[in-house]
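*Asks:* First the structure, which I've put down as structure tokens, then a few questions once you've had a look.
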Amino acid sequence: MSLTEHGDTKPTDLRRLVNRLAREVGFDLVAVTDAAGFDADREVALRRIDDGLMDGLPWFTKARVARGTSPDELLLGARSIISLGLNYYPGAAPTPASGSGLVARYAQARDYHRVMKRRMRRLVIALSEHPALQQADQELKARWYVDDGPMLDRAAAARAGLGWFGKNGNILNPTYGSWLLLGQIITNLQLEPDAPLAKTCGQCTRCIPACPTDAIVAPYVVDNRRCISYLTIEHKGAIPRDLRPGMGTWVFGCDICQEVCPVNRKAQATSDPNFGRRDLTALDLIELLDMDEAQFRQRFAGTPLMRAKRVGMQRNACVALGNLREVTAVPALGRALASADALVRQHAAWALGQIGRDEAMAALRTAESAEPDEDVRTEIRLALTDAGAA
Ligand code: B12
Ligand code: SF4
Ligand code: SF4
């Protein structure tokens, strides 16, 4: 007997069950779409790769897009996709102390992959153990993905009607705005699908000019290489000099295109204790710059910040300090010029160049003669020119 032919497992009954269980395990939103291929989204994603807009993410390959937009390749016999949303909005935060580095709200939290995957697993187990399904005498098949899987999470959420595509690329929901993390369960269950929402951004374009690095190159199109989120988290090397000033004091991710979004004004704050960690709202940049590996791990283990690694975070701290241009940061940046990591030395040099002043020039000149790395030496020379001009 098929799962849908049994009296207690009609698509509508199952839908109610899925909705109830999803909320019980801790999701704020649940919607369903069928398991047809995401053909139009696949074409868009492949074109983005061809246009170089996904450059910098070597794992975002055409093969991955092809697989991720073909649910039946991910799960044999796939019939439905349960799209899940988790509200992470911590509410209005106190204004960070001057001299702090900003962390995107989604990362002021425990690692959400773990949080969401655990809940999805509980949901699948609860479903499979439910008497309604057990009577149907058919094995429930399911696979679940959050972020790091090949699926296009936003395309699935949009088709399921969980939200709509904003011009900043994010999925917006009338209740939670865009402060949502997304995940999917692909299953062999035949579930009543939802319709996509009929909402759009209308005439609003506010997020596009608000992006300080001009990463939203057209409505719905983000150039990965220019996005602060990419630059601070995923990018491993030197940050292009022309993008550094636009990064302001963001040291992990960026929320600007969401902060300016009018849909987010009425967003409900979460009560989930995994999110809204006040100790991660704004980081002391000098403390971050002075951390050794053990201190870094002790402070950030189990949080998304680990992804950028200590060296990446210290690089970002240098950029933020350069943008703040406070002379009080010169001693710490001087110490960073002696870091074992060339990447940190390179960005410390840039920061000192932005601050200017005699103290910064002196630190740069001392470092120049002893610097073994050619890239860092070049950066020091450019910084001395910047500092002179400042
Ligand atoms: C790679 C990636 C990034 C990259 C590249 C971003 C990008 N634009 O692709 C970087 C590192 C920059 C990034 C940044 C962020 N990310 Co990210 N990221 C991803 C990831 C892993 C893949 C995204 C992807 O497939 N991109 C490919 C392109 C083609 O997809 P797309 O941008 O959605 O494109 C669609 C639209 O353009 C639409 N479209 C095209 N034309 C038109 C026209 C109209 C009229 C309409 C309506 C739609 C439309 O069709 C396209 C295909 O579906 C997903 C997780 C996942 N597995 O899906 C998370 C994900 C998208 N990221 C997420 C988050 C939270 C963020 C940040 C907010 C984090 C932060 N605060 O720093 C920023 C937001 C930046 C931004 N404005 O987009 C969430 C989004 C949640 C939400 N509510 O939408 C996701 C889904 C992770 C998750 N599981 O929760 N991210
Ligand atoms: S996350 Fe920041 S850098 Fe990226 S598109 Fe939005 S405003 Fe621009
Ligand atoms: S700021 Fe305006 S255009 Fe941008 S996502 Fe929000 S509603 Fe859409």
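Here, each number is a calculation from the coordinates, and none is a lab measurement. Here the structure is a predicted model, which means the values were calculated and not measured. Positions of Cβ are backbone-derived with ideal geometry, glycine not excepted, and every protein chain shown enters the neighbour counts.
*Asks:* Anything in the stretch 156-169 that is surrounded by fewer than 23 Cβ atoms within 10 Å (Cβ to Cβ) and under 23 Å from R114 (Cα atoms)? List them, or say none.
*Replies:* Once the filter is applied, which keeps residues that are surrounded by fewer than 23 Cβ atoms within 10 Å (Cβ to Cβ) and under 23 Å from R114 (Cα atoms), the stretch 156-169 yields nothing.
*Asks:* So which residues in the stretch 67-105 are β-branched (V, I, T) and touching a residue at least 24 places away in the same chain (Cβ under 8 Å)?
*Replies:* T69, I81, I82, V103
*Asks:* With respect to Q190, determine if the residue is farther than 25 Å from R307 by Cβ, in contact with a strand residue (DSSP E or B) (Cβ under 8 Å, 6 or more places away or on another chain), assigned to a loop (DSSP other than H, G, I, E, B) and more than 9 Å from ligand 1 (Cβ to nearest atom).
*Replies:* Spelling it out, Q190 is indeed farther than 25 Å from R307 by Cβ, in contact with a strand residue (DSSP E or B) (Cβ under 8 Å, 6 or more places away or on another chain), assigned to a loop (DSSP other than H, G, I, E, B) and more than 9 Å from ligand 1 (Cβ to nearest atom).
*Asks:* Any residue at all in the stretch 223-231 that is in a helix (DSSP H, G or I), of a type in the set (A, V, I, L, M, F, W, C), surrounded by 20 or more Cβ atoms within 10 Å (Cβ to Cβ) and more than 15 Å from ligand 3 (Cβ to nearest atom)? Can you show your working first?
*Replies:* To start, the set of residues in the stretch 223-231 that are in a helix (DSSP H, G or I) comprises 224-226, 228-231.
Adding the requirement that they be of a type in the set (A, V, I, L, M, F, W, C) leaves 228, 231.
Filter once more, so that each one left must be surrounded by 20 or more Cβ atoms within 10 Å (Cβ to Cβ): 228, 231.
Those left that are additionally more than 15 Å from ligand 3 (Cβ to nearest atom): 228, 231.
Yes.
*Asks:* Under 18 Å from E259 (Cα atoms), crowded, with 19+ Cβ neighbours inside 10 Å and more than 15 Å from ligand 2 (Cβ to nearest atom), is that true of Y145?
*Replies:* Taking the combined requirement at face value, the residue does not satisfy it.
*Asks:* What number of residues in the stretch 319-350 are in a loop (DSSP other than H, G, I, E, B) and of a type outside the set (K, R)?
*Replies:* In the first step, residues of the stretch 319-350 are kept if they are in a loop (DSSP other than H, G, I, E, B); the result is 325-326, 337-341.
From the residues that got through so far, the ones that are of a type outside the set (K, R) too are 326, 337-341.
Selection size over the stretch 319-350: 6.
*Asks:* Applying the selection to the stretch 276-308, what residues are touching a strand residue (DSSP E or B) at 6+ places or on another chain (Cβ under 9 Å), within 16 Å of R110 (Cβ to Cβ) and not in a helix (DSSP H, G or I)?
*Replies:* Result: G276, R277, T281, T303.
*Asks:* Pairs under 7 Å by beta carbon, first residue under 17 Å from A210 (Cα atoms) and among the small types (G, A, S) in the stretch 158-174, partner within 16 Å of ligand 2 (Cβ to nearest atom) and part of a loop (DSSP other than H, G, I, E, B), six or more apart or different chains?
*Replies:* Note: pairs meeting the criteria are G166/S178; G166/C201; G166/C261; G169/Y220.
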